[in-house]
1. Measure nothing fancy, just the Cα-based angle from helix 148-162's long axis to the longest principal axis of the chain, in degrees from 0 to 90, nearest 10.
2. If you bin the C-alpha pair distances of segment 121-218 every 5 Å from 0, what whole percents do you get?
3. Hey, how many Å between the Cα centroid of segment 104-129 and the Cα centroid of segment 185-249?
4. Taking 0.36 nm per intervening residue step and subtracting the Cα-Cα distance, what contour gain separates residue 189 from residue 163 on full extension?
5. How high is the relative contact order of segment 2-244, in percent, counting Cα pairs under 8 Å that sit 6 or more residues apart?
6. Once R0 is set to 25 Å, what does the formula 1/(1 + (r/R0)^6) return for the Cβ-Cβ distance between residue 102 and residue 177, expressed as a FRET efficiency to the nearest 0.05?
7. Return, ordered by residue number, the residues of segment 221-236 whose backbone nitrogen is under 18 Å from a label point located 7 Å along Cα→Cβ of residue 204.
8. When you count, for each residue, the other Cβ atoms within 10 Å and take the mean per peptide, how do 68-79, 151-162 rank with the highest first?
């Protein structure tokens, strides 16, 4: 489904990704772990098509199609979704207005008709109830004055509504208490299916107790240096990254 080959990327002439190769299969939940500064967030931004990152070599294939020449909105329409570590606040734009614009923009990009208002409202309310998102939150400006947990729930709500093919969670557990983490994980787990994959970026094993990965990959100094099953995350929680951050591993 997602195949990244020998990817090199830089920002401000500083190379961050240094020949990264990774494959995520349909239905798979792949966890990316690694120390600070290893390139985890850069990987998520480059896949999603965020401006400011210069890809100097390699490819990113989604279902056999190289998406590197696509703009971020085109990648989103193809099924790429990125949940940010620090969701943006947009004063003056209500959450409901933002959700409707996002859904209809993707439908337009795919040549589909806009959702009728009644159908849109029904879908949003049903998804919000499952995620513990209060209707009052939907009427407020997007993320303005929201707690960290509320912001993360709203991002998962966006993901549920957009139904992406590849969902990238960039440290979505940051700042969450156990109750919020559980609700967010339940939303993610409800979307697991044979034709959808997840790339879960995290520092800690804690999130992976709730979103159990099929594979775990350690990113260090811009490359995947080792991969394994879910037991690798437990090893990292116990021993840290010292075995994977040596010059030899780089």
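What follows is calculated from the coordinates using simple rules that are stated; it is not laboratory data. Just so you know, these numbers come straight off a predicted model, no measurement behind them. Positions of Cβ are backbone-derived with ideal geometry, glycine not excepted, and every protein chain shown enters the neighbour counts.
1. Value to nearest ten degrees: 80.
2. Using 5 Å bins, I get a P(r) of 2, 12, 26, 24, 20, 10, 4, 1, 0 for segment 121-218.
3. Segment 104-129 and segment 185-249 have Cα centres spaced 33 Å from each other.
4. On the way: separation 26, 0.36 × 26 = 9.36 nm, distance 1.26 nm.
So the extension gain works out to 8.1 nm.
5. Numbers: 433 pairs, mean separation 71.8, N = 243.
Over segment 2-244, the number comes to 30 percent.
6. Values: r = 27 Å, r/R0 = 1.08.
Calculated value: 0.40.
7. 233-236
8. Details: 68-79: 15.9, 151-162: 22.2.
Ranking the peptides 68-79, 151-162 by packing returns 151-162, 68-79.
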